[in-house]
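Here's the structure, in structure tokens; my notes come after.
The numbers here are math on the coordinates, done by the rules we state, and not lab data. These numbers were taken from a predicted model, which means no experiment stands behind them. FYI the Cβ positions are ideal-geometry reconstructions off the backbone, even for glycines, and counts take in every protein chain you see.
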Amino acid sequence: MKNDFFTYQAQTTPYPLGLEVSHAKGSYIYDVDGHAHLDFVAGVSACSLGHCHPKVVSAIEAQLKKYMHVMVYGEYVQRPAVAYTKMLASQLPKNLQTTYLVNSGTEAMEGAIKLARRVTGRSQLIAAKKAYHGNTMGSLSLMGYEERKSAFRPLIPDVSFITFNTIPDLGQITEKTAAVVLETIQGGAGFVMPEDGYLSQVRKRCDQVGALLILDEIQPGFGRTGTLFAFEHFNCVPDILVIGKGMASGLPVGAFVASKEHMQSLQERPKLGHITTFGGNPVIAAACLATLTELTQSQLIADVQIKEKQFRKLLVHPLIKEIRGKGLLLALLFENTDVANYLVLEAAKQKLILFWLLFEPKAVRISPPLTILEEEISKGCQLILAILEAYPKRDVN
Ligand SMILES: Cc1ncc(COP(=O)(O)O)c(C=O)c1O
């Protein structure tokens, strides 16, 4: 299997982790040799309810037996998508009541950019340095990391960058700006939190000049920071909310949410302003509905803060310089990349799943399922401490 993986399946790096998966359940992924790997990554924040949550599985099974795909997005009335968008609206502020369902986070960002240009009649987009919004051409154009995008130029024009958490840069937002696009918490940069008042200042500046504010909650959304959406912590409501990842507990999905008035601009002049075959797919929408129902009717979100405290209390070690992030979206920061690499690779050998962050090589991600148990957190943290204790000092950068 592994040979075929390298031979036939396109690779993203020359050195994938290559775990050969048999099945997954709760907080564990099982390999083909029967070993259980404790998952502190949750498919990069996607498996919010852990692996194969029984309520999600049974919602998927029930829908599979009824119908899977009957028409392109938006033509037929399909109960799972309607019930889901209605329930999502009940959880969001009154300017975020209409949801466009798509297939991935990056596609949701593409839709959001198009919507902002359409609503404002302006073209300029302002994103943040070190931002990550996905890998298709529009989202890639908003990536604030030249090294990863220069090989793919030319990208879409009229995109400028500001520095996250830097108020004087907000002067760059003007009457020419269609939208400011920010991650509520910068993910790839190493879970960088917005400083007090920053997002509300961005909101204020957007209002002054008539620009829309797009917040990318693809990582922190769906309970990961202890509220359903992270913007709830920061007194700042976006005009367009972009979501994905944890939304369907592990199935591919994304969405952008806006007011009905704004969203209507995608249906005329031209008609079919944004279309998709599989967006709103009923099986995936059923998984979304089961996920949101479980998140809102259980203690899971309320418990996030308690679990964060447990991580922060246990993960004290001289090599850990800082723990960034919020809730179960945490990054351990080390002095150099060698410790970070050593920890991820050594943990993999010892059957604890950790992972890197895109643009911060000194960081290691901890973003477990929200369903992770206290004893699983303890077990994983003890292992991290033991691995760090055994770190062989060597001459590095
Ligand atoms: C903040 C953020 N935006 C957008 C994306 C892109 O989502 P997807 O990989 O589903 O296209 C990601 C994925 O990691 C992300 O973390």
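Here are the numbers:
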quantity: Gap separating the Cα centres of region 35-76 and region 302-352, nearest whole Å; calculated: 27 Å
quantity: Assigned charges on the beta-carbon of Lys, Arg, Asp, Glu; region 18-113 dipole about Cα centre (debye); calculated: 640 debye
quantity: Cα pair distances exceeding 22 angstrom across region 198-305, given as percent; calculated: 42 percent
quantity: Set of lysines with alpha-carbon distance to LYS149 below 29 Å, sequence-local pairs under 8 removed; calculated: LYS114, LYS129, LYS130, LYS176, LYS245, LYS326, LYS362
quantity: Given charges at beta-carbon only (K, R positive; D, E negative), |dipole| of the chain in Debye; calculated: 640 debye
quantity: Simple spin-label estimate for ASP33 and ARG394 in nanometres, 7 Å along Cα-Cβ; calculated: 2.2 nm
quantity: Order of MET193, MET71 under a 10 Å beta carbon neighbour criterion, fewest first; calculated: MET71, MET193
quantity: For region 179-235, average projected area of the Cα convex hull in nm²; calculated: 3.8 nm²
quantity: Sum of side-chain charges, SER265 neighbourhood, beta-carbon under 14 Å (Lys, Arg +1; Asp, Glu -1); calculated: +4
quantity: Gain on full stretching of the segment that runs from LYS94 to VAL44 - 0.36 nm per residue minus C-alpha separation; calculated: 15.0 nm
quantity: For region 220-282 and region 143-195, distance of Cα centres in Å; calculated: 19 Å
quantity: Max mean-square fluctuation residue, GNM over the chain, Cα-Cα springs under 10 Å, options LEU182, LEU383, LEU213; calculated: LEU383
quantity: Modelled label reach - THR337, point 7 Å along Cα→Cβ, region 148-162 residues with backbone N closer than 16 Å; calculated: 148-149
quantity: Using a Förster distance of 30 Å, the FRET efficiency for GLN172-ALA151 (Cβ separation, nearest 0.05); calculated: 0.70
quantity: In nm, spacing of pseudo-spin labels at LYS66 and THR293 (7 Å Cα→C-beta vector); calculated: 1.0 nm
quantity: Full-extension gain in nm, ASP207 to ASN235, via 0.36 nm per residue minus C-alpha separation; calculated: 8.6 nm
quantity: Sites SER200 and LEU358, calculated FRET efficiency, Cβ-Cβ separation with R0 45 Å, nearest 0.05; calculated: 0.95
quantity: Neighbour-count order for VAL44, VAL181, fewest beta carbons within 10 angstrom listed first; calculated: VAL44, VAL181
quantity: Projected area, mean over directions - the chain, Cα convex hull, nm²; calculated: 20.3 nm²
quantity: Top of THR12, THR166, THR85 by mean-square fluctuation, Gaussian network on the chain, Cα under 10 Å; calculated: THR12
quantity: Residues of region 285-299 with amide N under 20 Å of the 7 Å Cα→Cβ point at VAL77; calculated: 285-286, 289
quantity: Charge tally in the Cβ shell below 10 Å around ILE218, where Lys, Arg are +1 and Asp, Glu are -1, ILE218 excluded; calculated: -2
quantity: Global geometry of region 91-227, whether rounded, prolate or oblate, following the gyration tensor of its Cα atoms and the 1.5 cut on a/c; calculated: rounded
quantity: Fraction of antiparallel bridges per DSSP, the chain only, in percent to nearest 5; calculated: 65 percent
quantity: Neighbour-count ranking [beta-carbon atoms within 10 angstrom, fewest first] of CYS52, CYS381, CYS288; calculated: CYS52, CYS381, CYS288
quantity: Highest-fluctuation residue, LEU266, LEU328, LEU251 considered, GNM on the chain with Cα pairs under 10 Å; calculated: LEU266
